[in-house]
Amino acid sequence: MSNPKDQQNFEEAVKTMMRYVGEDVNREGLEKTPGRVLKAYEFMFGGYQEDPQTILNSAMFSSSNDEMVLIKDIEFYSTCEHHLLPIIGRAHVAYIPDGKVVGLSKIPRVVDVFARRMQIQEQLTEQIADALMEAVSPKGVAVVIQARHMCMEMRGVQKISSTTTSSALRGLFKKDEKTRMEFFSLINSSSGNRY
């Protein structure tokens, strides 16, 4: 992902942070921590290296379907851009095709692309909706995200298990109340039997 000099600078920055909080960077348990943090960050922020349009366009198919397609409970992990602490949540993503559909696995991949960047939840919700609108050109897109923010739970107001909900509605989901209500009814219904 980065050149050796950047990796070395990153690892030195991790050591500086550990020293700042009072740790001995030469302690046995911490000797390899800077390298582990580097690898973790490369994974957690891998979304900067991926293009959501390329992902969506790689599995586009003609279809006569014009009814809602919904994938709900897409689990994701992101990182709050204000405190670099975890955001843990679920995304519900729906669209109404207009001549073409996208491979189902591509939608969770797009959620992960944007989640694996420094984020605020509101922007994450918008980015997913806009990426689908741009690539698929559907009659509408709806995205709802429900998430816990460790910046609210581990520090600050310390409100454990509080949930933030955000939505982004495009096309028919914004214009047509019946379509919007169907979406919200489906994402709030019990999942019942899992297959």
Report yes if SER58 is more than 22 Å from CYS151 (Cβ to Cβ), of a type in the set (S, T, N, Q) and modelled with pLDDT of 95 or more, otherwise no. yes
Pick from ARG180, ARG116: which is among the charged types (D, E, K, R), closer than 27 Å to PHE43 by Cα and in contact with a Phe, Trp or Tyr (Cβ under 7 Å, 6 or more places away or on another chain)? ARG116
Scan of the stretch 156-195 for residues that are free of Cβ contacts under 8 Å to residues at least 60 places away in the same chain, assigned to a helix (DSSP H, G or I) and either in contact with a His (Cβ under 8 Å, 6 or more places away or on another chain) or open to solvent by less than 100 Å² (accessible area, probe 1.4 Å) (or both), ordered by number: ARG180, PHE184, SER185
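Of the residues LYS15, LYS72, which is surrounded by 15 or more Cβ atoms within 10 Å (Cβ to Cβ), touching a strand residue (DSSP E or B) at 6+ places or on another chain (Cβ under 7 Å) and not hydrophobic (A, V, I, L, M, F, W, C)?
LYS72
Here's the yes/no breakdown for (1) at pLDDT 95 or above; (2) open to solvent by 20 Å² or more (accessible area, probe 1.4 Å):
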| position | (1), (2) |
| --- | --- |
| ALA91 | yes, no |
| ALA129 | yes, no |
| ALA135 | yes, no |
| ALA142 | yes, no |
| ARG148 | yes, yes |
| MET154 | no, yes |
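The values are calculated or read from the model by the stated rules, or taken from the named source; none is laboratory data. Given the structure is predicted, the values throughout are model-derived calculations rather than measurements. Reconstructed Cβ throughout: ideal geometry from the backbone, glycine too, with neighbour counts over all protein chains shown. Areas reflect the complete protein model, heavy atoms only, side chains present, ligands, DNA and RNA absent. Shrake-Rupley method; radii C 1.70, N 1.55, O 1.52, S 1.80 Å.
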